[in-house]
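A quick write-up on the structure given underneath.
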Amino acid sequence: MKSTWVEGATPPSKDLVAHILQRFTYGPTQQLLTDVRKLGVDNWFEKQLDHLSISNSEVETFLSKWDMFTFVHKDIHYLWPIGEAEAEEAKGQFFDSDWMASRILNLYTVIQQTHSKRQVYEMMVEFWHNHLNVPTIGHELKDGHLDWHVNTWNKSVIRDHALGNFEEMLQLSAIHPAMVVYLDGEISTKELPNENYGRELLELHTVTPKAGYTQADLIDIARLFSGLRTKLPGRYYDRGGRARLDPTHTFTDVPPFEVMIHTERQNFGTFKVMGWQRTVNTVAEVLPAIQSLLGYLAAHPETGKAIALKLGRRFVEDVPSQKFIDEIGATFTSSKGDIKTVLRAVYHHPDFEAAIGTKLKRPGEDYVSVARALNVWPNFSNLGVWKGLTRDFAFISPIVQTDLSRMGHIPLGWLFPDGYPDVATSWVNSNSQLLRWNTYGNFLNGGSWEKPQLERLFPIRSKDVDVHIDQIAQTLLLTELGSADRKSIKNAVTKAFGATPSFESSSKEITQLIVRLVFQLPVWSLR
Amino acid sequence: MNSEEAIKLCPEGREGFNRRQFLQGMTLFGGMTILSATGVRYSFAASTTEVPDVVITLILRGGFDGLSAVVPTDENLMRKVRSQVYIPNSALLPIDRDFGFHPSLKRLLPLWEAKELAIINTVGAPTHSRSHFEEIADVAYAAYGEKEKRSGWMARFLDVTGSGSVVQSVGIGSTTKQLLGGKSSPININGLDNFKLEGVYGFRPEDIAGFIDETHGRWTNTWAGQAKSTIKALDEIARASAQKSTVIYPNTGTGRRLKDVAALLKSGIGVRAVDVEFEGDWDMHGNMGSIENGWLSGYLGDLAGSIAAFREDLGVLWARVTVVTVTEFGRRVSGNESNGTEHGWGSSMFVAGGGVNGGKIHGRFPGLDEKQLKDGDLVVTADYRSLLTEILTRRAGVSVKGAAEIFPNFRPEVLSVMKHLSETPLPANFPKGVMDGLGSVYYDKDALPTPAPTAVASAAATPSPSPTQVRPTSSKKVITCVKGGRTIKVTGKNPKCPTGYTIKP
């Protein structure tokens, strides 16, 4: 998004370190900027790529205080008995209405984005989740079973490989139950194989239509995958609705949680997809054939370019240059999909440095950046415990259910296979603007999050209002306030608190107003 | 031209042509009115000014299956192709010899019988990619063959003829605004009651609004431009929010959204185009449910119930509303074995409103025989842009030239689904406030294309030209036609003068 502004407005910081932190974290803070400068920004970036070397104990300690986070990343065989063990009323909530396990995963994701020290890793988790999108808030009828699988999807497909290798991630995604359920492998048949997965594999996950594949290619993928279904008892997959309880079932015979090939649904013969070809005559040959196909697609130059385009949109600008796409695509292909190598190339690309302030924050990013700037943690003190639930956890935080849901940006929550859009034009609309603007006020009042400690974040160092305004703006924007903007804020303070506002009696209120107004400046919406 | 000639040319005995409209006409085309001997004002030209329709698109995202909604009554064939999702004739609501409504569309029957609802069969986009993401974007841009896709057709429509109101185009429900996005900054609402700004201690909402307006005024970018519109729209939307309704809508997202649309229209704030997203995904690859229950039946019931409630709620305003459903593609003729259908091509569109040639199924349904299909899909026999062109030209005051700007590289065919504005006089009790908000458009029925006789007589399937065939034609000719003292220019490959006009050599 290109911008111009008049003299006196507050433009984005020209500082390269601030720019790097704007793009590779969920929001820079004054403290982070200081720390990174001390370490050296290249060293910081390199350390971020080695995310396991960074301690995340603060987040882990917070999560460990709440029972509900024991659900996170657990599979169906953990979740189901918990649901069954609850009272009758709770079962309905657990199984039928609210995707409890998924909602908690959404909340967990927001907390990680806000407070994890592994910021580049968290950004890439979100990136890959959108690339291979499986929504964590399912369609009631179509994807009613997804909530049982998205937790392991998030862990074993996305989180374990977000800074690893693309092909490995793709291989795991194709046969994960979440994908099999979401893109209709579960309901495919031998005679009329379901084309949904094959289409998205080519169009979205790998080569894109630029590669020029045909309907025949799609059909062959559908035929090759037709035997794939999640091997779980019928009680989990009562077709035509949400999972229902089978009273005769006991949990002593839980099957292994894996994907199996069903012989009676599997097609055999020769499969041709673009330049790839394989003959499959036995069940044992199916998975190797799938792996070979995915390897072929992952290595295809168009796949590299497709991912380069998305990385460009994420970290550089809405319309990345062809040069960027070609160069990063070539790095992707030559490194065999090594994500760290590709990210280094993005970081060092001249287009990156030139793109200061050209990205609009998406609503969820704006939301998290405010939480980071105010250094607040979720407020779970007022949550109602669900009726009928015996376990000691509170549900559900308005962070996901209300705030981000209204903004249309629940993390990992895009309903369609193409992932959340990542260009400004998709997010610029009045509804979204009003929600964002009101959200700034909500943060200051506390509610979904703890009330911020403004006096600690923005101590009053001078009785001069102008000085106070400048300090708050510098802390939040990492740059100097423009003269016209300063005047607008000063006029507002005067209007609300008089020409000589009293810091003795209303310092909190004055600070609160200034902070709100700094968030309202156009520059805050950029990253 | 003298005054007597002018009086002869004036529309005679037309109901609803009142003084007020006349004066609006004068404002727009100043100097064109005269005073007759009796003191009654008359217009010179055959053309008039009219209060235009509000154009409402209801987006059915995911791929709407026309064959499940408007079902062919060839029961044997349907059973053969749709073994799992087939609906027996006994369950259908008869609307025509060849088609019946799905029973869940029951609430649309009164509209059908009142001829306020029309169906267009096997209509769709010229492209056949079966891809959601390409098609839904292309359908919204409607600029096939253009390299740069910067704006949706609805935005271009309002660029051509808008009311000038900040709320002239409104999106309801979605956060991505392909259809409305363009030069202007459309207003997008998710619940009228949510459309407000909250203050902070000591600083009122209007103060915050003023601050935002002032600081965003220092910037030029998409975000700041939108912010200025958003601030301007706050008061207008508050007026709509205050509208009350006693009509009971379905308790669904779509029901609530259409209720909001009705409130917008009733408030007279100048809304000219609305893009409403049906809440839900029509991409039914499997588990469609039964005839009475489940996914398909529930959605069709919601669709019918929401439209019916909307019509009831609007009352007399319905005379100046066109609602049209839009989807990215229809679905494969053969059902799959998962009680669902795959992506296809041709679908059906529903058009409802006060200016519809309703109670009738339009379009050229090619039949379901294998050889009549393309890769198993119903062929698109009418381009959806032809229907949209007709809505815009006959109901919304867009000229032929304007339509060509809105839909570039496209030659529309006349479908005669819509009545001309001049054929549907404004009811006498149409509220003045709403009329003022809508403003008026220049309207000349004779300047619009009329159906070629062959198009009506032909029953055979003529597939719409694919985008590769449709190019910006350099072979276009311009002719000049004359009638009375009026001269018009007609552009086309084979341009013909409209009825009553003669070609000027």
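The values are calculated or read from the model by the stated rules, or taken from the named source; none is laboratory data. Since we're looking at a predicted model, the values are computed, not measured. Here Cβ is always computed from backbone atoms with ideal geometry, including for glycine, and neighbour counts include all displayed protein chains. Surface accessibility is based on the protein's heavy atoms, side chains included, excluding ligands, DNA and RNA. Shrake-Rupley method; radii C 1.70, N 1.55, O 1.52, S 1.80 Å.
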(message) Could you check segment A:1-60 and list, in sequence order, the residues that are in a strand (DSSP E or B) and either charged (D, E, K, R) or exposed (fewer than 14 other Cβ atoms within 10 Å of the Cβ) (or both)?
(response) A:T4
(request) Show the residue pairs that are 6+ apart or on different chains and have beta-carbon atoms under 8 Å apart, the first residue being within segment A:199-216 and at the interface with another protein chain (Cβ under 8 Å from one of its Cβ atoms), the second being open to solvent by less than 10 Å² (accessible area, probe 1.4 Å) and hydroxyl-bearing (S, T, Y). (result) A:R199/B:S131; A:E203/B:S131; A:P209/B:S131
(message) Under 6 Å between Cβ atoms, which residue pairs at least 6 apart in sequence (or on different chains) link something in segment B:282-296 that is of a type outside the set (V, I, T) and open to solvent by 30 Å² or more (accessible area, probe 1.4 Å) with a partner that is part of a helix (DSSP H, G or I) and at pLDDT 90 or above?
(response) B:G289/B:W295; B:G289/B:L296; B:G289/B:S297
(request) Only residues that are surrounded by fewer than 21 Cβ atoms within 10 Å (Cβ to Cβ) and closer than 17 Å to B:I269 by Cα: list them for segment B:216-237, please. (result) B:S229, B:K232, B:L234, B:D235
(request) Hey, could you check segment A:127-138 for residues that are open to solvent by 10 Å² or more (accessible area, probe 1.4 Å) and modelled with pLDDT of 95 or more and say which is farthest from A:F45 (Cα to Cα)? (result) A:N130
(request) Give the residues of segment B:351-397 that are small (G, A, S) and in a helix (DSSP H, G or I), sorted by residue number. (result) B:S386
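Yes/no per residue for (1) more than 22 Å from the chain's Cα centre (by Cα); (2) modelled with pLDDT of 80 or more; (3) of a type in the set (K, R):
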| site | (1), (2), (3) |
| --- | --- |
| B:A140 | no, yes, no |
| B:M154 | no, yes, no |
| B:S184 | no, no, no |
| B:I187 | no, yes, no |
| B:D193 | yes, yes, no |
(message) If I ask for residues that are of a type in the set (V, I, T) and part of a helix (DSSP H, G or I), which ones from segment B:248-306 would you list?
(response) B:T254, B:V261
(request) Tell me which of these B:A140 doesn't satisfy, since it passes every other one: (1) touching a residue at least 60 places away in the same chain (Cβ under 8 Å); (2) open to solvent by less than 20 Å² (accessible area, probe 1.4 Å). (result) (1)
(message) One residue is enough: does segment B:373-385 have a residue meeting the conditions open to solvent by 30 Å² or more (accessible area, probe 1.4 Å) and within 24 Å of B:R272 (Cβ to Cβ)?
(response) no
(request) Starting from residues that are under 19 Å from the mean Cα position of the chain (by Cα), buried (at least 20 other Cβ atoms within 10 Å of the Cβ) and away from every other protein chain (no Cβ under 14 Å), keep the ones in segment A:336-366 and report whichever is nearest to B:Q226 (Cα to Cα). (result) A:L343
(message) Of all residues being more than 7 Å from every other protein chain (Cβ to nearest Cβ), in a helix (DSSP H, G or I) and open to solvent by 10 Å² or more (accessible area, probe 1.4 Å) in segment A:415-452, which is modelled with the lowest pLDDT? Just the residue, please.
(response) A:L435
(request) For residues that are among the acidic types (D, E) and under 30 Å from A:I187 (Cα atoms), scanning just segment B:265-299, find the one that is nearest to the other protein chains (Cβ to nearest Cβ). (result) B:D281
(request) Return the total of residues in segment B:240-261 being surrounded by 18 or more Cβ atoms within 10 Å (Cβ to Cβ) and within 28 Å of B:E214 (Cα to Cα). (result) 2
(request) For A:S506, state whether it is assigned to a helix (DSSP H, G or I), within 9 Å of chain B (Cβ to nearest Cβ) and out of contact with any Ser or Thr (no Cβ under 6 Å at 6 or more places or on another chain). (result) yes
(message) under 28 Å from A:N194 (Cα atoms) and buried (at least 24 other Cβ atoms within 10 Å of the Cβ): is that true of B:L368 in this structure?
(response) no
(message) Any residue at all in segment A:296-304 that's in contact with a His (Cβ under 7 Å, 6 or more places away or on another chain), farther than 20 Å from A:L172 by Cβ and either of a type in the set (S, T, Y) or part of a helix (DSSP H, G or I) (or both)?
(response) no
(request) For residues that are buried (at least 21 other Cβ atoms within 10 Å of the Cβ) and in a helix (DSSP H, G or I), tally how many sit in segment B:195-208. (result) 1
(request) Please find, among B:A224, B:A262, the residue that is within 12 Å of another protein chain (Cβ to nearest Cβ) and either of a type outside the set (S, T, N, Q) or out of contact with any Phe, Trp or Tyr (no Cβ under 8 Å at 6 or more places or on another chain) (or both). (result) B:A224
(request) Determine whether A:E186 is within 13 Å of another protein chain (Cβ to nearest Cβ) and in a helix (DSSP H, G or I). (result) no
(request) Just one of (1) open to solvent by less than 20 Å² (accessible area, probe 1.4 Å); (2) within 12 Å of another protein chain (Cβ to nearest Cβ); (3) touching a residue at least 12 places away in the same chain (Cβ under 8 Å) trips up A:L476, so point out which. (result) (2)
(message) Can you find a residue that is open to solvent by less than 20 Å² (accessible area, probe 1.4 Å), under 17 Å from the mean Cα position of the chain (by Cα) and within 14 Å of another protein chain (Cβ to nearest Cβ) anywhere in segment B:339-357?
(response) no
(request) Select, from A:G304, A:G269, A:G312, A:G329, the only residue that is among the small types (G, A, S), at pLDDT 95 or above and at positive phi. (result) A:G269
